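The values are calculated or read from the model by the stated rules, or taken from the named source; none is laboratory data. Keep in mind it's a predicted model, so treat the numbers as computed, not measured. Cβ: placed from backbone, ideal geometry, glycine included. Neighbour counts: every protein chain shown. Heavy atoms of the whole protein, side chains included, go into the accessibility calculation; ligands, DNA and RNA do not. Shrake-Rupley method; radii C 1.70, N 1.55, O 1.52, S 1.80 Å.
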Amino acid sequence: MDISLITSKLEAFSRRVGRSAARTPLLLYYVLQSNETSVKDKAIIATCLAYLILPVDLIPSSKFSILGWADEILSIEIVFDRMRKYITPEMYAKAEEQLDKWIPEKSSSTVSSYTITKSSSPTQNSNSSSLSKSQQEQLESITKKWK
């Protein structure tokens, strides 16, 4: 799998749809790269991301406008819901850093309300112990802010 091709396609997609919409596929991309993700789940994620970034489309958005995006949104949300168990606080931070590079914003928070409301609290994740105490405190304060 050519990682640079996937990241360049995700970057182009991100610039087209904006930070909020790009966050979920980017998190799925990091789950795909994780050693903790099962082979079966990696195949599901790879299929979902391929459908998102390849030009093939069941309902073309060029012809059907908003309806054309419905199939992509639905597939991403279904896969994200299933894969959220793999997402770590480090992945959230990494996604925000990458989005800052691709789509800079004037005031960026570490984790958006969208990602917190769509998954369990990152501080409850079993992998949060690998964060430093200050990183855990920062993550907890952001999580409380968006509840």
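Can you pull out every residue in segment 1-46 that is touching a residue at least 60 places away in the same chain (Cβ under 8 Å) and within 13 Å of the chain's Cα centre (by Cα)? Once the filter is applied, which keeps residues that are touching a residue at least 60 places away in the same chain (Cβ under 8 Å) and within 13 Å of the chain's Cα centre (by Cα), segment 1-46 yields Glu11, Ser14, Gly18, Arg19, Ser20, Ala22, Arg23, Thr24, Leu26, Leu27, Tyr30, Val31. Screening Glu105 on (1) part of a helix (DSSP H, G or I); (2) open to solvent by 20 Å² or more (accessible area, probe 1.4 Å); (3) at pLDDT 50 or above shows it passes everything except condition (1). Inside segment 30-64, residues that are in a helix (DSSP H, G or I), at pLDDT below 70 and open to solvent by less than 80 Å² (accessible area, probe 1.4 Å) make up a count of 1.
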